[in-house]
Amino acid sequence: MLVTSHKRPLPSSAAIWPSAPTTKLTGGRVPRVRVLRELTSEIMEAVGSRAALVAAAVVALLVLVPEASRADRFVVGDAARWTWGYNYTDWVIKKGPFFLNDSLVFMYDPPNATVHAHSVYMMRNLADYQSCNLKAAKLVAGVMQGTGSGFEFVLKKRKPHYFVCGERNGIHCTMGQMKFIVKPKHSSCRDY
Ligand SMILES: [Cu+2]
């Protein structure tokens, strides 16, 4: 029990029964309200740390859950997934706007005899993006990372993200249209 775990003894064993007549507690000299107050403070001390934790958890849930539940998850290309020839620039226009903490899921099969290998790179700037120049690009997900439930990229920064497929020296980017730009907006700009 909470009270017995406390190191100091309670003011009176009868105090755990606030409904008991006050005459039995102190001969009727101490008003019941004082006994109740002592009891309350004892219990508050005993459970104080736990109560604080619970309160903090409740506050955290209230603050975090609505925020987290507002983040959306997008499978890049929807049913087409991450593949040669799909127009991802159109897809972005159709799906946007995107917000901070939304996530993009890249799904693609590992390379085999019949399927192109794909990957995800991030270009450093617009010029590299436009020319599909991969020299300074950063690898985001390799050819094996799009399998299963896909590779999830969470939009954490409010900057333009220049995504491209880096396969065949940029040919998937230039000829295959495997490129798109996402600049997430701040979550407070969300309409709903
Ligand atoms: Cu590709």
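The table that follows gives values for the structure above.
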quantity	calculated
Extreme residue, modelled with the lowest pLDDT, among residues of the stretch 92-116 that are touching a Gly at 6+ places or on another chain (Cβ under 9 Å) and in a loop (DSSP other than H, G, I, E, B)	His116
Every residue from the stretch 138-154 that is surrounded by 21 or more Cβ atoms within 10 Å (Cβ to Cβ) and part of a loop (DSSP other than H, G, I, E, B)	Gly146
Evaluation of Ser188 against (1) within 26 Å of Asp72 (Cα to Cα); (2) in a helix (DSSP H, G or I); (3) modelled with pLDDT of 95 or more (one fails), failing number	(3)
Criterion (within 13 Å of the ligand (Cβ to nearest atom), crowded, with 18+ Cβ neighbours inside 10 Å, assigned to a strand (DSSP E or B) and at pLDDT 95 or above) met by exactly one of Tyr162, Tyr121	Tyr121
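The values are calculated or read from the model by the stated rules, or taken from the named source; none is laboratory data. Values in this document were obtained by computation on a predicted structure and should not be read as measured data. Note that each Cβ is placed from the backbone with ideal geometry, even for glycine, and that neighbours are counted across all protein chains shown.
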